[in-house]
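Asks: I'd like to ask some things about the structure below.
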Amino acid sequence: MAHPEFTSTVRVQYLPEQSQPPDGPYAFAYTVSIKNTGDVAAQLVARHWVIANADGRTEEVRGLAVVGHQPLLKPGEEFEYTSWTRIDTPQGTMHGTFFCMTEDAHPFDAAVPLFVLAHPEALH
């Protein structure tokens, strides 16, 4: 039986030129690498992000595609994209889900594990 699976890794970069400390907002770029670690070709169709600031306020972002792409990945193939977000505290978190579809139209979700958004000085 086919086993669809995408795994993701994320790198985060603080964007000082888009940020306004100390009151915020704080801007961060995040680069997501999505790899098809399953054994069937599948397409990334949509995304759902949960963005939380340090006060625990959350914002949910849903939409079709990622940066205008709905990549179809064969087993072993990878797709990388960069996007950005703003939060109103120096630190926060993001996690999410990609809604995916196999070539023969079986839907599955691919989780993106929690990652930290942090102003460099907030880590000291």
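Asks: If we only count strands (runs of 3 or more DSSP E) wholly inside segment 10-86, which ones have 2 or more residues that are buried (at least 18 other Cβ atoms within 10 Å of the Cβ) and touching a strand residue (DSSP E or B) at 6+ places or on another chain (Cβ under 8 Å)? Working first, answer last.
Replies: Numbers: elements: 26-36, 42-53, 58-64.
Correct list: 26-36, 42-53.
Asks: Which of the residues that make up segment 105-117 are free of Cβ contacts under 8 Å to residues at least 60 places away in the same chain and either buried (at least 17 other Cβ atoms within 10 Å of the Cβ) or charged (D, E, K, R) (or both)?
Replies: Listed by number, the list holds a single entry, Asp109.
Asks: Could you say whether any residue in segment 34-55 is of a type in the set (Lys, Arg), farther than 18 Å from Val10 by Cα and at pLDDT 95 or above? Can you show your working first?
Replies: Here is the first cut: in segment 34-55, the ones of a type in the set (Lys, Arg) are 35, 47.
Okay, now just the ones that are also farther than 18 Å from Val10 by Cα, so none.
No; the residues of segment 34-55 include none that is of a type in the set (Lys, Arg), farther than 18 Å from Val10 by Cα and at pLDDT 95 or above.
Asks: While we're here: Can you name the residue in segment 87-103 that is of a type outside the set (A, V, I, L, M, F, W, C) and farther than 29 Å from Pro16 by Cβ and is also surrounded by the fewest Cβ atoms within 10 Å (Cβ to Cβ) among such residues? Full working, then the answer.
Replies: The first filter runs over segment 87-103 and keeps only residues of a type outside the set (A, V, I, L, M, F, W, C), leaving 88-93, 95-97, 102-103.
Those still in the list that are farther than 29 Å from Pro16 by Cβ too: 97, 102-103.
Numbers: Thr97: 16, Thr102: 16, Glu103: 13.
Checking each candidate, the answer is Glu103.
Asks: Cβ-Cβ distance below 6 Å, separation of 6 or more or different chains: which pairs start in segment 2-20 with a residue that is more than 20 Å from Trp49 (Cβ to Cβ) and end on one that is surrounded by 12 or more Cβ atoms within 10 Å (Cβ to Cβ) and aromatic (Phe, Trp, Tyr)?
Replies: Pro4/Phe108
Asks: Let me ask something additional. From the list Asp88, Asp55, which one is farther than 17 Å from Thr7 by Cα and in contact with a Pro (Cβ under 9 Å, 6 or more places away or on another chain)? Reasoning before the result, please.
Replies: On the way: Asp55 fails: in contact with a Pro (Cβ under 9 Å, 6 or more places away or on another chain).
So the residue among Asp88, Asp55 that is farther than 17 Å from Thr7 by Cα and in contact with a Pro (Cβ under 9 Å, 6 or more places away or on another chain) is Asp88.
Asks: Quick one: Glu121 ticks every box in (1) surrounded by 15 or more Cβ atoms within 10 Å (Cβ to Cβ); (2) assigned to a helix (DSSP H, G or I); (3) among the charged types (D, E, K, R) except a single one, so which number is it?
Replies: With (1) surrounded by 15 or more Cβ atoms within 10 Å (Cβ to Cβ); (2) assigned to a helix (DSSP H, G or I); (3) among the charged types (D, E, K, R) applied to Glu121, the lone miss is (1).
The values are calculated or read from the model by the stated rules, or taken from the named source; none is laboratory data. Here the structure is a predicted model, which is why all the values come from computation and not from measurement. Here Cβ is always computed from backbone atoms with ideal geometry, including for glycine, and neighbour counts include all displayed protein chains.
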